[in-house]
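The values are calculated or read from the model by the stated rules, or taken from the named source; none is laboratory data. Just so you know, these numbers come straight off a predicted model, no measurement behind them. All Cβ positions, even for glycine, are placed from backbone atoms using ideal geometry, and neighbour counts span all protein chains on display. Side chains are part of the model used for accessible areas, which takes the heavy atoms of the whole protein and leaves out ligands, DNA and RNA. Shrake-Rupley method; radii C 1.70, N 1.55, O 1.52, S 1.80 Å.
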Amino acid sequence: MAYYFSEPSHTFNEYLLVPGYSSAECIPANVSLRTPIVKFRKGEQSALYANIPTVSAIMQAVSDDRMAIALAQEGGISFIYGSQTIESEAAMVARVKSYKAGFIVSDSNLRPEQTLADVLALKERTGHATMAVTDDGTATGKLLGVVTGRDYRVSRMERDVKVSAFMTPFDKLITAPADTTLKAANDIIWDRKLNSLPLVDEQQHLVYMVFRKDYDSHKANSLELLDAEKRYVVGAGINTRDYAERVPALVEAGADVLCIDSSEGFSEWQSRTLAWIREQYGDDVKVGAGNVVDREGFRFLAEAGADFVKVGIGGGSICITREQKGIGRGQATAVIEVAAARDEYFRETGIYVPICSDGGIVHDYHCTLALAMGADFLMLGRYFSRFDESPTNKININGSYMKEYWGEGSSRARNWQRYDMGGDKKLSFEEGVDSYVPYAGSLKDNLGLTLSKVRSTMCNCGALSIPEFQKKAKITLVSATSIVEGGAHDVVLKETSSTSK
């Protein structure tokens with residue numbers, strides 16, 4: 001006879017935190033969100049911490065090298081998507097590790113024969129007003145000029161006028177050699193009152209752009225996450241098929257942590273993958289596994305050698321696994337049970353295996369609840385897909401800007417490695433959808449607001465760190481009626497320009 005759970009599973013939306021005593025020390029500025037990413041023994045430190053408890057999902061529509069750099073600057077980690085060639089994923093990892101803060105590889109580039117229409121389209125897609133004009137339209141081509149908003153007037157120019165006719169040509173630009181230090185580059189920018197400074201090699205090829213605005217940004221990134229060599233920390237996704245080829249390439253490229261990307265992790269395929277990594281690298285290569293939703297699944301992966309365990313099946317906004325296959329569990333219930341299993345395993349073995357809550361986050365306060373329920377960190381997909389730094393296109397739909405967002409189990413992603421159970425190299429059926437999400441602007445501004453809410457709520461509960469929060473938090477299940485009561489009700493709302501996530 002099938003086993004029946006005695007209680008229904010619940011989502012984050014069905015819970016609230018009850019405030020605790022707050023001392024005068026409990027102010028958001030004193031809250032630390034530092035959290036362990038990989039397992040460690042009692043009395044020791046984890047080999048890898050994040051300064052904020054958020055990582056970006058292993059998805060084509062979310063995590064590439066640009067997202068990884070932006071999130072590391074804020075103290076988090078991106079797991080670059082694995083549903084691409086080994087060479088391409090390794091190259092993304094290498095670009096993150098070789099990135100020098102303040103030195104930007106131009107992502108808005110034009111050829112001189114392109115037109116004003118192309119300029120406007122590129123600006124709409126990237127949001128950047130400064131564009132390099134190179135002989136081949138790439139970020140490393142021979143620099144011929146630069147286009148900024150001061151070089152054209154949309155109201156006075158035809159859309160088919162060529163870029164070469166209105167760009168600022170190379171001989172009118174102030175540039176610097178490729179080996180210029182960041183301090184020297186910033187000095188030139190300030191002394192010459194520039195907004196940007198191209199760095200070029202001896203053949204006039206563009207190497208980097210340095211922007212005035214990035215100076216203050218760099219100074220403001222007090223939580224940026226760096227390795228021992230002062231390079232940004234980056235993660236990468238792997239699968240249970242080509243790990244023997246993919247893992248060595250990612251390790252060689254410099255990946256700090258790997259994660260098996262799978263919709264369901266309680267399987268022999270994952271234990272085989274973990275065993276191979278341990279045989280080849282011992283504990284030197286850090287790798288997470290998942291996803292699971294109960295104690296049994298956690299114990300299996302912890303005993304198989306996972307450095308962290310990812311929790312959640314079917315709770316993602318673009319995931320239709322529950323609808324298609326009828327498996328999964330409410331995310332809050334899954335996190336609560338797996339967190340209890342983690343603590344039980346720690347008491348028995350002295351090994352603490354962090355857990356990552358993956359999916360089910362709709363509102364900012366859900367992040368706080370997930371941490372209170374025991375998650376060490378959170379993996380977010382839809383949340384990060386809305387930002388400038390995600391790799392998808394920004395599209396105007398009926399007057400509103402949107403970003404494309406699709407699941408790894410969708411036909412568009414064709415990520416059969418994540419879902420296939422051992423058959424042909426194809427998706428038997430879809431477990432994810434292709435969609436749009438409202439464009440939200442920059443990662444820094446939005447993530448800063450979300451984390452300020454987390455810190456403020458932790459103070460309301462009398463906690464200044466995530467471990468203390470998990471010990472002190474008091475959580476109550478709420479009725480359907482009280483959920484309605486929690487929002488604005490019995491009033492006529494004024495229209496405002498502000499929106500909440």
In region 1-41, which residue that is charged (D, E, K, R) and closer than 14 Å to residue 455 by Cα is surrounded by the fewest Cβ atoms within 10 Å (Cβ to Cβ)? 25
Conditions (1) open to solvent by less than 50 Å² (accessible area, probe 1.4 Å); (2) assigned to a helix (DSSP H, G or I); (3) out of contact with any Asp or Glu (no Cβ under 9 Å at 6 or more places or on another chain) -> residue 187 fails only (1)
When restricted to 133, 96, the only residue touching a Pro at 6+ places or on another chain (Cβ under 7 Å) and either surrounded by fewer than 16 Cβ atoms within 10 Å (Cβ to Cβ) or not in a loop (DSSP other than H, G, I, E, B) (or both) is 133
Residues that are hydroxyl-bearing (Ser, Thr, Tyr), in contact with a Gly (Cβ under 7 Å, 6 or more places away or on another chain) and at pLDDT below 95: does region 399-419 have at least one? yes
Taking the options 275, 255, name whichever one is open to solvent by 10 Å² or more (accessible area, probe 1.4 Å), among the small types (Gly, Ala, Ser), in contact (Cβ under 8 Å) with a residue 60 or more places away in the chain and not in a strand (DSSP E or B). 255
Do we find that residue 84 is outside any helix (DSSP H, G or I) and farther than 18 Å from residue 287 by Cα in this structure? yes
Restricted to region 158-175 and to residues being touching a residue at least 24 places away in the same chain (Cβ under 8 Å) and of a type in the set (A, V, I, L, M, F, W, C), the residue farthest from residue 203 (Cα to Cα) is 161
Just give me the residues in region 447-485 being closer than 17 Å to residue 18 by Cβ, open to solvent by 80 Å² or more (accessible area, probe 1.4 Å) and among the β-branched types (Val, Ile, Thr), in sequence order. none
Considering region 84-93 alone, what residues qualify as being surrounded by fewer than 19 Cβ atoms within 10 Å (Cβ to Cβ), touching a residue at least 40 places away in the same chain (Cβ under 8 Å) and not aliphatic (A, V, I, L, M)? 87
Single residue of region 136-157 satisfying the filter (open to solvent by 30 Å² or more (accessible area, probe 1.4 Å) and touching a residue at least 40 places away in the same chain (Cβ under 8 Å)) that is farthest from residue 178 (Cα to Cα): 157
Checklist (1) surrounded by fewer than 14 Cβ atoms within 10 Å (Cβ to Cβ); (2) at pLDDT 90 or above applied to residue 167, failing item: (1)
Quickly run through region 24-52 and pick out the residues that are farther than 17 Å from residue 342 by Cβ and polar (S, T, N, Q). 30, 32, 45, 51
Among (1) open to solvent by 50 Å² or more (accessible area, probe 1.4 Å); (2) closer than 26 Å to residue 90 by Cα; (3) part of a loop (DSSP other than H, G, I, E, B); (4) modelled with pLDDT of 95 or more - the single one residue 230 does not satisfy: (4)
Matching residues in region 312-348 - criterion: being open to solvent by 60 Å² or more (accessible area, probe 1.4 Å) and either modelled with pLDDT of 90 or more or more than 25 Å from residue 61 (Cβ to Cβ) (or both): 326, 336, 347, 348
Restricting region 282-308 to residues that are over 24 Å from residue 248 (Cβ atoms) and β-branched (Val, Ile, Thr), the one most open to solvent (accessible area, probe 1.4 Å) turns out to be 293
Filter region 42-52 down to the residues that are among the hydrophobic types (A, V, I, L, M, F, W, C) and either part of a loop (DSSP other than H, G, I, E, B) or under 30 Å from residue 484 (Cα atoms) (or both), then identify the one that is least open to solvent (accessible area, probe 1.4 Å). 52
When you look at residue 29, is it more than 21 Å from the chain's Cα centre (by Cα) and assigned to a helix (DSSP H, G or I), yes or no? yes
Please verify whether residue 374 is at positive phi, surrounded by 19 or more Cβ atoms within 10 Å (Cβ to Cβ) and at pLDDT 95 or above, treating the condition exactly as stated. yes
Going through 121, 68, 117 one at a time, which residue ends up being open to solvent by 40 Å² or more (accessible area, probe 1.4 Å), in contact (Cβ under 8 Å) with a residue 24 or more places away in the chain and among the small types (Gly, Ala, Ser)? 117
